[in-house]
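The values are calculated or read from the model by the stated rules, or taken from the named source; none is laboratory data. Fair warning: this is a prediction, and the values are worked out from it, not measured in the lab. Glycine gets a Cβ as well: all are built from the backbone with ideal geometry, and neighbour counts include every protein chain shown.
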Ligand SMILES: Nc1ncnc2c1ncn2[C@@H]1O[C@H](COP(=O)(O)OP(=O)(O)OP(=O)(O)O)[C@@H](O)[C@H]1O
Ligand SMILES: [Mg+2]
């Protein structure tokens, strides 16, 4: 149980590389926080600072009300699961799981109880005497989880723990980690570059890019109300489509226009853009926010030429040409299209995103965390 | 259908041909390996066999042509002289011709110094091994896993001390040892041998530690280890093979060292085995078989050390193979 606070934290590596810039972040007690971002954005660096494995260059890092900038890892009551699992090759699974407790001089019977409990929960009891080298990736992953679990730490840190697993295993482990969080009642900080992982697991997500926080919010916030084009593009598959165009104010409402295309912006957007007729904007349409089963009206019609049809089992990805641009949408699989055909798509207007083409900031959701 | 069978018979013949060629290649390879192994073994072992065999021959037999690989009248007189030298009467220039009248060979009075010299060599070698590990292991861990200022500079510095030949350092070393008042003591040897061996130890271990993943170190520290405990509980058990290499290397270097020992030792109090053996060979009146017996004793401790640690080399390697 711990609340973690970053106060204007910076991290510069010895070679001068500025990996984390002015990080302000409060991780609430018992929260499941996910650090999400592309490779090299400073997620692991941030996590390592929490663990005490990397020094804070400046700023303050607090656990509850205690400044822990210079506390070594073993004084922090954190447990960590690594991407490579980092199991001790010369120790048995039992010794691996119990090692942290042994280092804390817990008595043998209690260690034994905890190790066996964890092993039972993770269904690895039959492996307790094996060496890590003889285990499969999924089994090693469980051992690594067990090693962190038995510690019953105040903070549970995970650095891309699932990225070495195959797809099916990854999904089932997600569920287990979620369950683990529910039963352990402790603060989890989880690093990933996989948006689906972040969206399924997180109470809150922190999106990072080049060491700078882009947005902090619930999965819903992040997905539905992205503060900038980076966040909007990073989540969603296929990624959000962008169209540059102009705002046109008509009879109390606003339209987005580009060539023949004219989309009526919903009231909450129109309100924000009131009196900005003629302004250049970037419109964002999420791949799933079109429908071609419903009749498109004059307000929400997107007419395009089909370029490719990519079935993905449950749905299909529809690649279309629109005004020399390629857009990708996700539509039901029951509708058959052939490349070259013209298709009428009904855009879900209430879910449109509008960004400033220069700053890439959202023009709808600009309050809050998009510093 | 018919043509298909034709083709497959043809290809079966081909397959048979390939199989034969493969087996032939396999057989040739085995023979080459076997013959090379035999030749190499003879090359390495023949001198040792001759050393052992001649050490139990009389002076007459040792000089016979052709040489006897298997002694015809084996004798333990040389070993007896070494192990019971103290009780025997002093052999002097005057009475030495009385010894072993058959050969005229002569067992020197310093024979009784042989065991003490071996003791000296052993003490020095063991001390050097232990101190090397105590100094080298933490140094290598720090260099490999902790980022500190001038880290690379210190590695280069340590290594450059090793490109200077020992002979160039003999005089400075001598002056230092003399001024420290350590001439003719075992400490003088231990100190100078450390200067020679520690850089190698650090170099070997840094290489090895750098090969072990950083995440192991991080995992250990998050699990509650201090840096030092991470070293003891995680890195040391994993680096057994390289530790064994270090032990063997430093032990053998100290055991065989001649030049520095020649400079710093003067009496039985500190003389090591190589010094004593060299003294034997420079006196041409001394029995060859006696010198060979001394030589046999000189190789016994290193062989024992190698045999003891060979087991750890093997177990160390399997531990490495399990690495995830
Ligand atoms: N010890 C170091 N010295 C110098 N630069 C480093 C060091 N460790 C990491 N970096 C740099 O800092 C940046 C952030 O690294 P970090 O490991 O936090 O990225 P990440 O977001 O975890 O990426 P990934 O998804 O690839 O793990 C990277 O550009 C990396 O090159
Ligand atoms: Mg990382």
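List of remarks:
- Taking the stretch A:93-106 as the range and being farther than 16 Å from residue B:221 by Cα and at pLDDT below 95 as the test, only A:106 passes.
- Residue satisfying condition, being part of a helix (DSSP H, G or I) and within 15 Å of ligand 1 (Cβ to nearest atom), within set A:48, A:15: A:48
- Selection within the stretch A:181-200 - in contact with a helix residue (DSSP H, G or I) (Cβ under 6 Å, 6 or more places away or on another chain) and away from ligand 1 (no atom under 16 Å from the Cβ): A:188, A:199, A:200
- Yes/no for residue A:54 being within 12 Å of chain B (Cβ to nearest Cβ), within 25 Å of the chain's Cα centre (by Cα) and under 28 Å from residue A:235 (Cβ atoms): yes
- Annotation note: of B:137, B:206, B:202, B:234, the sole residue that is farther than 16 Å from residue B:257 by Cα, within 14 Å of chain A (Cβ to nearest Cβ) and buried (at least 19 other Cβ atoms within 10 Å of the Cβ) is B:234.
- Those residues of the stretch A:80-104 which are more than 20 Å from residue A:127 (Cβ to Cβ) and either buried (at least 17 other Cβ atoms within 10 Å of the Cβ) or within 16 Å of ligand 2 (Cβ to nearest atom) (or both), in sequence order: A:80, A:83, A:103
- Failed criterion for residue A:43 (all others in (1) out of contact with any strand residue (DSSP E or B) (no Cβ under 7 Å at 6 or more places or on another chain); (2) within 16 Å of ligand 2 (Cβ to nearest atom) hold): (1)
- Residue in the stretch A:196-216 that is away from every other protein chain (no Cβ under 14 Å), part of a helix (DSSP H, G or I) and within 16 Å of ligand 2 (Cβ to nearest atom) present: yes
- Considering residues of the stretch A:14-40 that are touching a strand residue (DSSP E or B) at 6+ places or on another chain (Cβ under 6 Å) and within 16 Å of ligand 2 (Cβ to nearest atom) only, the residue nearest to the other protein chains (Cβ to nearest Cβ): A:19
- Taken over the stretch B:43-76, residues that are under 19 Å from residue B:276 (Cβ atoms) and either over 24 Å from the mean Cα position of the chain (by Cα) or surrounded by fewer than 19 Cβ atoms within 10 Å (Cβ to Cβ) (or both) amount to 1.
- The residue that is farthest from the other protein chains (Cβ to nearest Cβ), among those in the stretch A:166-195 that are within 16 Å of ligand 2 (Cβ to nearest atom) and in a loop (DSSP other than H, G, I, E, B), is A:194.
- Test: residue in the stretch A:57-65 that is more than 18 Å from residue A:177 (Cβ to Cβ), within 14 Å of chain B (Cβ to nearest Cβ), surrounded by fewer than 19 Cβ atoms within 10 Å (Cβ to Cβ) and within 16 Å of ligand 2 (Cβ to nearest atom): no
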